[in-house]
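Working notes, structure below.
Just so you know, all these numbers are worked out from the coordinates, no wet-lab data involved. Just so you know, these numbers come straight off a predicted model, no measurement behind them. Cβ coordinates were reconstructed from backbone atoms using ideal geometry, including for glycine residues, and neighbour counts include every protein chain displayed.
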Amino acid sequence: MLPSRFLYDILDDTNMKGMDADVYLKDGVYHIEVDVPGFKKDEIKIECHKGTINIKAEKEEEENDETKKYIRHERKYKNFERSFYFGDIDEDNIKAEFTNGTLHLSVPEKAEVAKKQISID
């Protein structure tokens, strides 16, 4: 179970097909594994702002080939988007890898800053 700092996963239900995700915490690092089948690395954008990781996969629609007579045409690509809010994370040290249709992000927790004792003059 993730700590209470893992507040929510923002979902866009209309675009969820094909973006299944696993999120887990191991040794102070959050890991996000997202399936993005049919997309290339350069079609995936990852942004981080104020503790929220936003993942977008965008593909331009292929032009309709009039010479093809489809019997079944199910492989239409949409744009997908998924966001995860973590709170305090080390945004400067997030790492991303993309292998065989799976995006893997390593998101380190922000190191706890020790409280500073203020002396009274």
Quiz item: What is the order of Asp90, Asp27, fewest Cβ neighbours within 10 Å to most?
Solution: Asp27, Asp90
Quiz item: Which distance in nm do the two modelled labels at Glu91 and Lys78 give, with both placed 7 Å along the Cα-to-Cβ direction?
Solution: 2.9
Quiz item: Too long at a 23 Å Cα-Cα cut-off: which of Lys26/Lys95; Lys45/Lys78; Lys50/Lys95; Lys50/Lys78?
Solution: Lys50/Lys78
